[in-house]
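The values are calculated or read from the model by the stated rules, or taken from the named source; none is laboratory data. Every value quoted in this text rests on a predicted model; they were computed, and no experiment measured them. Please note: Cβ atoms are built from the backbone with ideal geometry, for glycine as well, and neighbour counts cover all protein chains shown. Accessible surface areas use protein heavy atoms only, side chains included; no ligands, DNA or RNA. Shrake-Rupley method; radii C 1.70, N 1.55, O 1.52, S 1.80 Å.
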Amino acid sequence: MEDNKVRRFVELIRLYNSEPNKRVFRVDRDCYIITTIFSSIDDKPFLRIGYSDYIEKFKKDISSVVIAPGYISSLRKEIEQMEEDKYNTNFILPSSIYNVILKYLPSSLHHKINVNVIDRNEVGIKDSEVVKEISEKYKTYVLLYDNGNFAITFGGKKVFDLFSALTNDLTTSKILNLLSPKLYEILPINVVINIGGNYVIRSKSKDIMISTDEFDEKEFLKTPIPLTTVRSIVGNNVISLIDTIRLIYDRSSLRVFTNKEIYEDFKRFNLGIKFVEISDKIDIINNVNITTKKGDGKYSIPLVSKEGVKKELVFGSSTDKNVILLQNLEYILLEDFSKGKVEYISTNLITKSPEDNDYDLEFSRLKDEIKEKFDKKMVLSDVHREFDKDNVRIKKDRERLEELVSLYEYVSSLPYSERVKLIVKSEKLEGTKKEEEIIKLAEKSSKTSPSSDIQTSSSSKSSAAQGLGEGKSTINLKQPVSSETLSSDTPKGIRKGISRFNLKHAIVGLGVLIVLTTGILFLLLRDEISNWFLTEKEREVIEIISNLDNTYEPELTHIQTNLGITITDYDIWIYVNKVAVLNGYKPLTYRNPQKWEDPDWVYPNMSLKMVDGSIVIVRTNDNMWNISKRKIIEDYIKKKYNVRVESRAGTNVYSIEKK
């Protein structure tokens with residue numbers, strides 16, 4: 001049985017390497033898993049797009065999450081995932097939403113998110129040209145485009161494109177779009193309907209949605225109100241605003257009205273929609289003004305009845321007797337203030353798991369409810385067929401993923417030397433010189449300490465190389481290289497400074513076991529390690545840390561070069577921005593390194609809270625560039641080298657301790 005598992009694993013690796021399109025697993029309406037695995041020594045070789053409860057059991061094997069705000073990913077849910085994350089997952093955000101998320105994420109979690117960057121240290125087998133060659137052949141890139149789209153490639157072939165997926169797959173947004181035209185004629189106009197904490201105002205000209213603080217996505221999805229008719233959204237709450245937008249399928253003529261602060265955050269948020277900054281009054285639909293008082297987050301519609309009675313319809317809470325508070329499931333006819341209970345439709349179709357077998361019953365129930373409440377017959381057979389076809393695909397992809405994960409976890413439990421040998425089979429290297437080299441590597445790894453021959457895998461969150469350019473940026477999910485080493489097949493328009501990480505697995509932190517004459521095994525404690533256990537590089541690192549707080553440019557650049565760290569101007573900007581937000585300042589605007597804003601916001605003896613929670617006291621003649629670069633170097637060393645040392649100069653302390 002065990003040999004069968006190995007054979008099946010090798011068979012799948014060959015299949016996925018030769019047919020990269022099979023690397024995509026659609027596991028739910030709005031969730032995709034993509035595997036970047038290419039060998040038996042890969043570490044956490046899965047990437048997630050969108051969220052589903054189904055993937056909970058696979059979280060430990062997911063290295064990165066690409067967030068597509070406004071399309072598939074619910075920002076509310078992704079923030080929850082960041083807060084609960086215990087696997088050092090890397091969350092990748094487009095730059096247009098980075099500053100927005102910082103405001104909603106606790107400062108202690110800012111290190112989990114990155115702007116168009118995957119910042120993993122290089123992992124793999126040292127001095128192995130064969131493994132390096134295989135890794136180069138199976139590069140995986142994430143290409144982020146300025147229009148909000150992104151694509152993922154493997155071995156030079158595109159395996160996933162967000163906009164194509166939204167067009168071809170039956171996502172939640174597309175389901176709502178299919179149901180919406182069928183329901184359009186059923187619900188009356190001149191009605192305000194509360195769904196999921198958001199309010200839809202139906203009018204003769206166009207429908208408008210009010211996005212509030214109390215957005216409930218589950219309630220929203222259970223009420224298939226026609227959304228294709230919505231052409232305007234009003235809202236000041238960022239998270240509910242974006243989560244609402246992503247559920248509206250057609251964005252071609254959508255306008256979003258919001259306050260100045262949100263407008264500034266969203267100017268570069270490319271969703272194919274227009275953001276409009278308002279002050280305190282919005283004229284957006286015929287004969288209806290929506291007003292908002294600055295800072296209170298509430299919206300109201302001034303109403304005048306045919307008899308001249310003035311009242312206000314308020315979305316929120318109020319004690320004013322002239323205010324009409326809209327309660328859940330109630331509607332108001334804007335013409336004469338008639339108030340009553342709205343006959344609305346609810347369905348569990350969208351919230352059901354694809355593996356549920358009672359879709360026929362749910363479709364029948366929905367049709368019966370429409371007939372009973374509105375005395376109309378609705379044909380849903382075409383939507384039904386789409387559901388059936390979509391369910392079949394999702395169930396098949398779940399079965400494929402579960403098989404791959406099971407085999408991957410089994411192979412990962414094998415001795416490292418055995419896993420190295422499997423590269424020969426997966427790459428069909430039997431009888432070649434490359435096989436000889438890999439066999440020697442396997443023998444070496446079985447005789448020596450893994451940490452002496454294998455670079456340890458790292459979940460470091462120090463910034464990796466990334467620059468700015470036009471059109472799109474790129475992330476390679478293999479090992480780091482500079483922009484000068486890009487091959488000719490690298491997509492045109494890619495931003496300079498490519499960040500990559502290698503998913504080849506390394507055995508980490510086994511400690512040292514000593515057998516005493518009494519036969520008792522003792523684990524050698526980290527704090528007791530003698531100098532003769534340290535490598536020459538680790539001694540060099542200790543020397544660097546001992547003097548780090550007294551080091552300035554250009555010496556810092558010499559240190560990063562010596563350590564093999566790529567730190568770009570853009571990385572420094574990212575770190576400075578995180579520190580700025582942590583200390584109560586607004587983020588800087590990045591144009592290019594030569595034109596940085598100089599807010600002069602640090603001064604001697606000022607206490608600054610760093611991303612890792614430590615405190616740095618600004619010293620005379622110091623600046624945020626040097627402070628940030630030291631911390632990035634420190635974070636890199638902390639994750640990679642087996643050292644423990646403290647350095648103190650003035651009032652600054654750098655403490656490096658590898659766990």
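Evaluate the distance, in nm, between pseudo-label points positioned 7 Å from the Cα of N168 and of N4 along their respective Cα→Cβ axes. Using points 7 Å along Cα→Cβ, the separation is 3.4 nm. Couplings 3J(HN,Hα) for region 249-262, derived from phi with the Karplus relation 6.51 cos²θ - 1.76 cosθ + 1.60 (θ = phi - 60°), are 5, 9, 9, 4, 10, 8, 10, 10, 9, 8, 7, 5, 4, 5 Hz, where x marks Gly and Pro. What are the residues whose amide H is under 5 Å from the amide H of F275, where those residues sit 5 or more places off or on another chain and H is modelled from the backbone? Those qualifying (amide H under 5 Å, at least 5 residues apart or on another chain) are V256. Taking amide hydrogens as placed 1.01 Å from N in the peptide plane, the amide H of N90 sits under 5 Å from those of S64, V65, each at least 5 positions away in sequence or on another chain. Relative contact order of region 17-81, taken over Cα pairs closer than 8 Å and 6 or more residues apart, is 26 percent.
Peptides 32-43, 225-236 ranked from most to least packed give 32-43, 225-236, packing being the mean of other C-beta atoms within 10 angstrom over each peptide's residues. Taking 29 Å as the limit for the C-alpha separation, the pairs K182/K218; K174/K395; K5/K137; K22/K640 exceed it in the case of K22/K640. Near the amide H of T347, within less than 5 Å, lie the amide hydrogens of T223, all on another chain or at least 5 residues away, with H placed in the peptide plane.
With θ taken as phi - 60° and the Karplus curve 6.51 cos²θ - 1.76 cosθ + 1.60 applied, the whole-hertz 3J(HN,Hα) list for region 408-424 is 4, 5, 5, 5, 5, 7, 6, x, 4, 4, 5, 5, 4, 4, 5, 4, 4 Hz, x standing for glycine and proline. Element breakdown for region 314-433 at a 1.4 angstrom probe: carbon and sulfur atoms account for 47% of the accessible area. Using the 1.4 Å probe convention, the accessible area of region 159-283 works out to 36 Å² per residue with neighbouring protein chains retained.
Work out the FRET efficiency for K206 and E430 from their Cβ-Cβ distance, taking R0 = 51 Å, and round it to the nearest 0.05. Could the numbers behind the result be given before it?
Details: r = 67 Å, r/R0 = 1.32.
Here the calculated transfer efficiency is 0.15.
The calculated FRET efficiency for the pair V309 and D368, based on their C-beta separation and a Förster distance of 41 Å, comes to about 0.55. The label point for D216 and the one for N147, both projected 7 Å from the Cα toward the Cβ, are 3.8 nm apart. Applied to region 305-311, the Karplus parametrisation 6.51 cos²θ - 1.76 cosθ + 1.60 on θ = phi - 60° returns per-residue 3J(HN,Hα) values of 6, 5, 8, x, 6, 9, 9 Hz, with x for Gly and Pro.
Counted residue by residue at 0.36 nm each, then reduced by the alpha carbon distance between them, the extension gain from V342 to K444 reaches 29.3 nm. Positive-end ranking of V411, L429, L441 along the dipole of region 404-449, with charges on Cβ about the Cα centre, is headed by L441.
Peptides 130-139, 14-23 ranked from most to least packed give 130-139, 14-23, packing being the mean of other C-beta atoms within 10 angstrom over each peptide's residues.
Between S614 and N562, what is 0.36 nm times their sequence separation minus the Cα-Cα distance? Round to one decimal in nm.
On the way: separation 52, 0.36 × 52 = 18.72 nm, distance 2.54 nm.
This chain segment gains 16.2 nm when fully extended.
Computed over region 339-440, the range of Cα coordinates on each principal axis works out to 80, 26, 23 Å, biggest value leading. Residues within the reach of a label modelled at Y410 (point 7 angstrom out along Cα to beta-carbon, backbone nitrogen below 18 Å), restricted to region 1-22, are 1-16.
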